[in-house]
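The numbers here are math on the coordinates, done by the rules we state, and not lab data. Please read these numbers as outputs of a predicted model, since none were measured by experiment. Quick reminder, even Gly has a Cβ in these numbers, built from the backbone with ideal geometry, and neighbours come from all protein chains shown.
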Amino acid sequence: MSSSMPQPEAAPIVACTISRDVQNFDLLIEDMEATLGESWGDLGFAEALAFFGQPEAEAMEFVALAMDETDEDNLVLMSEIITQAKARNIRVILIAEDMTPAALHSLLRQGADEFVPYPLPEGELAQAIARVRAGENAAPVPAEEASAPQLKAGARKDGALIVVHGLAGGTGATTLAVNLAWELANADKKTAPSVCLLDFDLQYGSVATFLDLQRREAVYEMMSDTESMDEEIFGQALQTFEEKLHVLTAPAEMLPLDIITNEDVDRILSMACNQFDYVIVDMPSTLVQWSETVLTSAHIYFAMLELDMRSAQNALRFKRALQSEELPFEKLRYVMNRAPKFTDLSAKSRVKRMAESLSISIDVQLPDGGKAVTQANDHGLPLANSAPKSPLRREIAKLASSIHDLKGEQAKAA
């Protein structure tokens, strides 16, 4: 006797993961199931190209292309997958683990819509899926217009100016600047302060890389004519990161540090401080003519160093240079990056001797963030997004909280 009971219809497949072996991305499997249930499938790289030519591909909304460093040898195949998907109006989300920035940049230029680092931050894949779905019927908006903030004419916020200056290469100045700015932008959940991050390293500035932002021609145009700069022009040179942090990246081209003058820097800092509650400046390690303007205007000037001879020598030379010009070197707050652990008594003793020999006070000690820092920077994400439990992230969050609390107390006293 045959059954007349209706058979349940299989859920339509609206998405696919594409990878060498999806079992290498177990968190991706969990997130796809949590977001899409059974409405997704899995394909290998070669299978994907064949699938795009089949009728079933017409119902596909997006694919999640999952890769790790092993797959960098197949970038040509990855690019072809993205190209074929985009030709059929299928959105592409890149899932990448330990890929080089150059490889990621190449694939994003091929037309990938979203990028999510692996291991997947909690909820990030669901947000990426929501964004690609929301963008399907949205009218295209030029990238520069989409992320340019709208500034208020005549604003007078008198924002706090916080400067970060690396006294030697690789001391983590940009990492501190980027993550401190992000933590300040999230310092108050009820009334989030407005924060602007300025990359003044005109030659090797990497804030754009650390936040996965474009380097715009508008930055050079604004800097080359600050006399005519107003709120609109300044706003067009800025970009927003996740609708919370406003960023002035380094220019697209490598420029001489003296292309801007004291007057130019003063105008930019004044504009930023009038518009935002906090302004974070990432300085070049080189001392230039306008360094005096930044130091004089700064409320806090963090000088980054490490526990090594080059940092000690540079800190001493930096201090002497400021004293010889009678500049306010007392504004300096020395930050020890990759500081020894609490139990490393020998190294902590070296830190103390270093401070005594230089006649300085090391006010902040940051732990070594390890591989998580490199991964976060390569993926263009703050540590709070990519490695929220990192000891370095926690210390930077504490620093941001103390700065925000101090500003609040000063505002009440006034």
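For the chain, find the longest principal axis of its Cα atoms and tell me its angle to the long axis of helix 391-413, 0 to 90°, nearest 10.
Helix 391-413 and the main axis of the chain meet at about 60 degrees.
Normalise the Cα radius of gyration of the range 200-332 by 2.2 N^0.38 Å (N = residues in it) and let me know the number.
Here the Cα radius of gyration is 1.10 times the empirical estimate.
If Lys and Arg each add +1 and Asp and Glu each add -1, what is the summed charge of the other residues whose beta carbon sits under 14 Å from the beta carbon of Ser79?
-2
Over the alpha carbons of the range 15-138, what is the largest minus smallest coordinate on each principal axis, giving the biggest first in Å?
Computed over the range 15-138, the largest-to-smallest principal extents equal 32, 31, 29 Å.
Helix 262-275 sits at what angle to the longest principal axis of the chain, using alpha carbons and giving 0 to 90 degrees rounded to 10?
60 degrees
Taking neighbour Cβ counts within 10 Å as the exposure measure, how do Ile233, Ile82 sort from fewest upward?
Arranged by neighbour count, lowest to highest, Ile233, Ile82 become Ile233, Ile82.
Please give, to one decimal in nm, the separation of the simple spin-label points placed at Asp344 and Glu221, each 7 Å out from Cα toward the Cβ.
If labels sit at Asp344 and Glu221, their model points lie 4.8 nm apart.
So if each residue of separation counts as 0.36 nm, and I subtract the Cα-Cα distance between Gln410 and Gln323, what length gain in nm does that give? All intermediate terms of the calculation are to be shown ahead of the outcome.
Details: separation 87, 0.36 × 87 = 31.32 nm, distance 2.87 nm.
Length difference between fully extended and current span is 28.4 nm.
Just to be sure I understand the model, the point goes 7 Å from the Cα along the line to the Cβ. What's the resulting Glu253 to Gln203 distance in nm?
Here the modelled spin labels are 1.7 nm apart.
Using all Cα-Cα distances in the range 359-414, what percent lands in each 10 angstrom bin from 0 up to the longest?
22, 37, 27, 13, 1
Within 15 Å, Cβ to Cβ, of Thr191, how many net charges do the neighbouring residues add up to if Lys/Arg are +1 and Asp/Glu are -1?
Charge balance in the 15 Å sphere: +3.
Distance in nm between label sites at Ala155 and Thr70, each 7 Å beyond Cα in the beta-carbon direction?
Each label point lies 7 Å from its Cα, and together they span 4.9 nm.
Check cross-link reach from Lys331 to the lysines: straight Cα distance under 16 Å, and skip same-chain residues fewer than eight apart.
In chain and number order, the partners are Lys319.
Just the C-alpha atoms of the range 160-413: what Rg/Rh do they give, with Rh taken as the Kirkwood radius? Write out the running numbers ahead of the final one.
Values: Rg = 17.6 Å, Rh = 18.6 Å.
Looking at the range 160-413, the ratio lands at 0.95.
Once you've got the Cα coordinates, tell me which of Lys348/Lys412; Lys190/Lys412; Lys157/Lys341; Lys152/Lys389; Lys244/Lys341 are over 29 Å apart.
Values: Lys348/Lys412 37 Å; Lys190/Lys412 18 Å; Lys157/Lys341 39 Å; Lys152/Lys389 37 Å; Lys244/Lys341 33 Å.
With Cα atoms farther than 29 Å apart: Lys348/Lys412; Lys157/Lys341; Lys152/Lys389; Lys244/Lys341.
Spelling out what I want: for every residue of the range 339-356, take phi, set θ = phi - 60°, compute 6.51 cos²θ - 1.76 cosθ + 1.60 (Karplus), and round to whole Hz; glycine and proline get x.
Running phi through 6.51 cos²θ - 1.76 cosθ + 1.60 with θ = phi - 60° gives 5, x, 5, 4, 7, 8, 5, 5, 5, 5, 5, 5, 4, 5, 5, 4, 4, 5 Hz.
Net charge around Gly44, counting only other residues with Cβ within less than 10 Å of its Cβ (Lys, Arg = +1; Asp, Glu = -1)?
-2
Would you mind ranking Thr293, Thr249 so that the residue whose beta carbon has the fewest other beta carbons within 10 Å leads the list?
So the ranking, lowest neighbour count to highest, is Thr293, Thr249.
If the elastic network links every pair of Cα atoms under 10 Å, which of Ala66, Ala252, Ala173 fluctuates the most in the Gaussian network model of the chain?
Ala252
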